[in-house]
Amino acid sequence: NYSPSIHQSELLVFISNMFGVLSSLIVTRPNVNSVQDMPPPGGYPDVATARGARNRGPSGAVIWLGILGLTFGGLYILGNTAKRNRLNIKERREARMAIAPYLQAEMDAERAVEFNASLAREAKIMANNPDWVVGQSVYSNNKL
C-alpha cells in the first residue's frame, strides 16, 4: 500500500547515482598472480646478537667504599676545621681578656675626663643660681 511520492523517488534515484559515482572512484587491483619472496637455499646467515663483555664501570662494592671513604674523609676534615676554629676563638678570647684591664682603665680615664668636663659646663651654666650645688643629683633632695 505504500507508494513513494515523486520527491522520494527522485531522492532514491539521486542516491543510487551517487553510489555509482562513488563506487567508480574505488580503485581495485587487477587480478595478478604474486610471487612471495623466499629465503635463499640453506637459509640466511646467523645474526650476531651476543655482545662482547665491555667495561660497565666500577662494581657496587667499589662505589660503596668510595662513598664511605668520602664521607669519613669529609667528617675528618670537618672535625679538624671545627677544632682549629675553636682554638682560634679561644686565642682571641684570651687575648681580649689579657688586655681587658688596660682597656677598662683607658675607658675609666676617658669617662673621668668627660665627667669633669660635664661638671665644668654645669658650673658655668648654673653660675647665676646660688642655691645650686654642682654635681649634686636633682633627685637626692628632701623636697619630694
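The values are calculated or read from the model by the stated rules, or taken from the named source; none is laboratory data. All of these numbers come straight from a predicted model, not from anything done at the bench. Glycine gets a Cβ as well: all are built from the backbone with ideal geometry, and neighbour counts include every protein chain shown.
Of the residues in the range 16-51, how many are of a type outside the set (S, T, N, Q) and modelled with pLDDT under 70?
The total comes to 11.
For the range 100-132, give me each residue that is assigned to a loop (DSSP other than H, G, I, E, B), surrounded by 10 or more Cβ atoms within 10 Å (Cβ to Cβ) and modelled with pLDDT of 90 or more.
Taking the range 100-132 first, the residues assigned to a loop (DSSP other than H, G, I, E, B) are 126-132.
Keeping just the survivors that are surrounded by 10 or more Cβ atoms within 10 Å (Cβ to Cβ) gives 126-127, 132.
Within the range 100-132, M126, A127 meet the criteria.
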